[in-house]
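Asks: Starting off with a structure, shown below.
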Amino acid sequence: MSARDRILAKLRGARPAEPLAHPDPAPHYAARARNESKAERLARFRTGIEGFHADVHVTTEADWPALLARLCADKGVGTLLFGAQTPAGRRLDPATFTGTALRPWAGQVEDIKADLFHTVDAGFTQTRGAIAETGSLILWSSADEPRTLSLVPPIHFALLDAASIHPTFYDALVSENWAGGLPTNALLISGPSKTADIQQTLAYGAHGPKELIVLVINAEGDVQ
């Protein structure tokens, strides 16, 4: 018997007759529940993600397209890449984007790689929700809105519905039944891309967007 076979035999011999029961995390999170209002969850999320150098703008369902156009103009965005077949993408009107060309996502990454890395200034995506505890956005990529939109362009604009901000990641998993079906890729984004070298010099945009701008709709309280 080889060494490999001996090791495997020992592992199989130590295997329990019955599968080990998985601990139930529900009591742990139930004890930490804050019973927050939507406004309180938004405030906690905003504190967290702004602490990681993201910008948050609270707007309305009616006004967010105009706000996005204004922010693109303020930041000198020449080309904005977006998913034209998404509900949010259908709301974008080229006539309102002065100086910014709206480029719908089309084809495969390989087809537009050169433009994506060298001429596209910003990407725009919807979000599935957010996590108040960590200040994180939740994105589920799709064929109409691939993860590249949020990972490559220097600026990432993200649209968030305040009603979809969950207290914790566990709450998101349970309330949305992630166990019932997951996409090929799910993203948790807590700020712009950043890295630090051995001398602890922090740099933004080294491995992705250097700016993350979140547009929050359906929020309670004053619009800022």
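Asks: Calculate, for Leu20 and Thr184, the FRET efficiency according to 1/(1 + (r/R0)^6) with r their C-beta to C-beta distance and R0 25 Å; round to the nearest 0.05. Could the numbers behind the result be given before it?
Replies: On the way: r = 29 Å, r/R0 = 1.17.
The pair Leu20/Thr184 has a calculated efficiency of 0.30.
Asks: Could I ask something else about it? For the chain, compute Rg over Rh where Rg is the Cα radius of gyration and Rh is the Kirkwood radius from the inverse mean 1/r over Cα pairs.
Replies: On the way: Rg = 21.4 Å, Rh = 19.6 Å.
So for the chain, dividing Rg by the Kirkwood Rh gives 1.09.
Asks: Also, I was wondering about something else. Could you state the accessible area per residue of the chain in Å², with a 1.4 Å probe and every protein chain left in place?
Replies: Working: 12720 Å² over 224 residues.
With the other protein chains kept in place, the chain gives 57 Å² per residue.
Asks: Compute, for segment 1-137, the length of the dipole vector about the Cα centre, with Cβ point charges of +1 (Lys, Arg) and -1 (Asp, Glu) only. Units Debye, rounded to 20.
Replies: About 700 debye.
Asks: On to the next question. Of the options Leu182, Gln108, Thr96, report the single residue whose Cα projects farthest towards the positive end of the charge dipole of the chain (beta-carbon charges: Lys, Arg +1; Asp, Glu -1).
Replies: It is Leu182.
Asks: Where is the GNM fluctuation largest for the chain (alpha-carbon springs, 10 angstrom cutoff): Ser142, Ser150, Ser175?
Replies: Ser175
Asks: For the chain, modelled as a Gaussian network with Cα springs under 10 Å, which listed residue fluctuates most, Pro154, Pro104, Pro209?
Replies: Pro104
Asks: Using a 1.4 Å probe on the protein chains only, how many percent of the accessible area of segment 17-172 belongs to carbon and sulfur? Working shown, then result.
Replies: Values: 4200 of 7830 Å².
After summing per-atom areas, the C and S share lands at 54 percent.
Asks: Under 23 Å Cα to Cα from Lys210, which lysines show up? Leave out anything in the same chain fewer than 8 places away.
Replies: Lys75, Lys113, Lys194
Asks: Still on this structure, I have one more. Can you give the net charge of the other residues whose Cβ lies under 10 Å from the Cβ of Ala84, counting K and R as +1 and D and E as -1? Don't jump to the answer; show the numbers that get you there.
Replies: Values: positive: Arg90, Arg103; negative: Asp144, Glu145.
Net charge around Ala84: 0.
The values are calculated or read from the model by the stated rules, or taken from the named source; none is laboratory data. Please read these numbers as outputs of a predicted model, since none were measured by experiment. Every residue, glycine among them, receives a Cβ derived from its backbone with ideal geometry; neighbour counts consider all protein chains shown. These area figures cover heavy atoms from the full protein model, side chains too; ligands, DNA and RNA do not enter into them. Shrake-Rupley method; radii C 1.70, N 1.55, O 1.52, S 1.80 Å.
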